[in-house]
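Below: one structure, written as structure tokens.
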Amino acid sequence: MARIGMLTPSSNIVLEPITFEMVRGVPGVSVHFSRFKVTEIALSQQALGQFTVEPILAAAELLAHAKCDVIAWNGTSASWLGFESDERLVSQIEQATGVSAATCVLGYRTLFERLKLSKIGLVSPYTDDVQSRIMGNWTKAGYKFPAERHAGLADNFSFSTVTEAQIAKDVREVAAAGADCAVILCTNMRGAVPCAELESDLGIPLLDSVTVTLWAALERIGADKKPFRKWGRMFDV
């Protein structure tokens, strides 16, 4: 069905086990990971320089050696760098490797269109300035933010320390503010399980970044998404 390659931030400890759990027991689907250096999320030149294309393409080349059907960037950098950065990255990966490519943030944009979502309750671990940059970029794209929550963290590893209970609390609060979806924006946050558990209770789509990346990879190659329905209504579209 699908051999999926994931480009992974080096200090991320969440996305691999969660992705393995999502694909466990689904026949014909396997996931494979390649890392490049990402340790800090900030707007400094040093932090932004982590997302230059050369190390990303080097990691993508290693996934191409495994004959993956798709290579997905399992990170959210385009949310503060701009959607166009992931549009370029997809083209660069495909040209360099000959393999189809997808990204988390472009997956969000497609899901917003498919599900007709515009009022976003944003939950992230990021600092004030990064959160503001994300909201500014997405506002320009036509999205609104009835509510947001962010933890004020910059160290990428520390994002994994935000508890599922705190994520669930934040999701409930942004949903109560009138959002038509909640976005857990970070692939090193433990949002997949709380989202799957809360979605039916809250009655709106809950879109976790790790889950969205898997959706985007499956979508890119036209693979069957139905076996993943327990992880959210996104897998119905």
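General observations
- Across segment 79-237, the mean sequence separation of Cα contacts (distance under 8 Å, 6 or more residues apart), normalised by length, yields a relative contact order of 24 percent.
- Overall Cα dimensions of segment 139-206 - principal axes, largest extent first, Å: 31, 30, 16
- A full extension of the chain between Ser30 and Gln95 corresponds to an added length of 21.1 nm, given 0.36 nm per residue minus the alpha carbon distance.
- Here the Gaussian network model covers the chain, with springs between Cα atoms less than 10 Å apart; of Asp180, Asp201, Asp86, Asp201 fluctuates the most.
- Placing unit charges on each Cβ (+1 for Lys and Arg, -1 for Asp and Glu) gives segment 107-208 a dipole about its Cα centre, and among Pro205, Ala176, Ala141 the Cα reaching farthest toward its positive end belongs to Ala141.
- Segment 53-162, Cα convex hull volume normalised per residue, Å³: 118
- Cα-based equivalent ellipsoid, the chain: semi-axes from gyration tensor eigenvalues, Å: 25, 21, 16
- Dipole moment magnitude, nearest 20 debye, segment 67-138 about Cα centre, only Lys, Arg, Asp, Glu C-beta charged: 240
- Positive contributions from Lys and Arg (+1) and negative ones from Asp and Glu (-1), summed over other residues with Cβ under 14 Å from the Cβ of Thr161, come out at -1.
- Cα convex hull of segment 1-90, projected area averaged across orientations, nm²: 6.0
- Of Leu43, Met22, Gln95, farthest towards positive along the dipole that unit charges on Lys, Arg, Asp, Glu beta carbons give the chain: Met22
- Built amide H within the under 5 Å cut-off of Ala147, gap 5+: Leu122
- Taken about its Cα centre, segment 107-208 carries a charge dipole of about 380 debye when Lys and Arg each add +1 at the Cβ and Asp and Glu each add -1 at the Cβ.
- Extension reserve of the Thr52-Arg114 stretch, reckoned as 0.36 nm per residue once the Cα distance is removed: 19.3 nm
- Full extension of the segment from His65 to Gln45, taken as 0.36 nm per residue of separation minus the current Cα-Cα distance, would add 4.0 nm.
- Computed from point charges on the beta carbon alone (+1 for Lys and Arg, -1 for Asp and Glu), the dipole magnitude for the chain about its Cα centre is near 420 Debye.
- Summed side-chain charge close to Lys140 - residues other than Lys140 whose Cβ falls under 13 Å, Lys, Arg +1, Asp, Glu -1: +2
- Set of segment 48-85 residues, backbone N closer than 11 Å to the point 7 Å along the Cα-Cβ line of Lys140: 80-85
Where a number appears in this text, it was derived from the coordinates with a stated rule and is not lab data. All values reported here derive from a predicted model rather than from experimental measurement. Every residue, glycine as well, gets a Cβ built from its backbone with ideal geometry; the counts of neighbours run over all protein chains shown.
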